[in-house]
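What follows is a set of notes on a single structure, which appears directly below.
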Amino acid sequence: MADRPRIAHVGIAVPDLDAALSFYRDVLGLEPHPTEEADGAAIVSLTFGESEVELLAPLAPDTPIGRFLARRGPGIHHICYRVPDLDAALAACRNAGYRLIDEVPRSGAGGRRIAFVHPKATAGILLELTE
Ligand code: CO
C-alpha cells in the first residue's frame, strides 16, 4: 500500500566511496546512481527493491558525516522512513514530544523534502523522514 510508511533508505557513513562501492558493484552487481552532494557529504545510492542504501562520504572533516566517522567510525548513520505526509508526521512528532533536528522540512539529497528526528527520541538511531 502506497500510503503506509516504508523504509526509503539506510544511510551508511564510509571514509571512501570507491572502496565501499566495490562490494555493491563487484559482489552484488548493482549499478550505483550518480554521486550527489548534500550536507557536506558525497552520496551514492544503490537500489534494493523499493528501498535504497545511501553511502555517505564526508567532503571535509568538519561536516556531520566527518564528525560521525571521527567519533564512531564507519557504520549505519541513519535510517530514512518514507511517510505519506511529512508535515503531518512532523506535527505528530511535536505533539508527542519528540525532539526534532529539523522543525520544518528542508531539501535533502535529490531535492527531496526531508526532516531529521533527534536520535534521543528514537532508540539511538538518527531518523530521517521523507515522503
Ligand atoms: Co538520508
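The values are calculated or read from the model by the stated rules, or taken from the named source; none is laboratory data. This is a predicted model, so every value here is computed, not measured. Note that each Cβ is placed from the backbone with ideal geometry, even for glycine, and that neighbours are counted across all protein chains shown.
Matching residues to (1) hydroxyl-bearing (Ser, Thr, Tyr); (2) within 14 Å of the ligand (Cβ to nearest atom); (3) modelled with pLDDT of 95 or more:
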| position | (1), (2), (3) |
| --- | --- |
| Glu50 | no, no, no |
| Ala57 | no, yes, yes |
| Ile65 | no, yes, yes |
| Ala70 | no, no, yes |
| Gly75 | no, no, yes |
| Asp87 | no, no, yes |
Quick check on the stretch 105-118. Is at least one of its residues surrounded by fewer than 15 Cβ atoms within 10 Å (Cβ to Cβ) and away from the ligand (no atom under 16 Å from the Cβ)? no
Among the listed residues Arg82, Arg71, which satisfies the condition of being surrounded by fewer than 19 Cβ atoms within 10 Å (Cβ to Cβ) and of a type in the set (Lys, Arg)? Arg71
Quick count over the stretch 89-104, residues being under 23 Å from Glu36 (Cβ atoms) and away from the ligand (no atom under 16 Å from the Cβ), is 1
Filtering the stretch 115-131 for residues that are in a strand (DSSP E or B) and touching a helix residue (DSSP H, G or I) at 6+ places or on another chain (Cβ under 8 Å) leaves a count of 5
For the stretch 12-27, which positions are in contact (Cβ under 8 Å) with a residue 12 or more places away in the chain and either among the β-branched types (Val, Ile, Thr) or surrounded by fewer than 16 Cβ atoms within 10 Å (Cβ to Cβ) (or both)? Ile12, Val14, Pro15, Asp16
In the stretch 85-104, residue farthest from Ala42 (Cα to Cα) [restricted to those that are surrounded by fewer than 17 Cβ atoms within 10 Å (Cβ to Cβ) and among the aliphatic types (A, V, I, L, M)]: Ala96
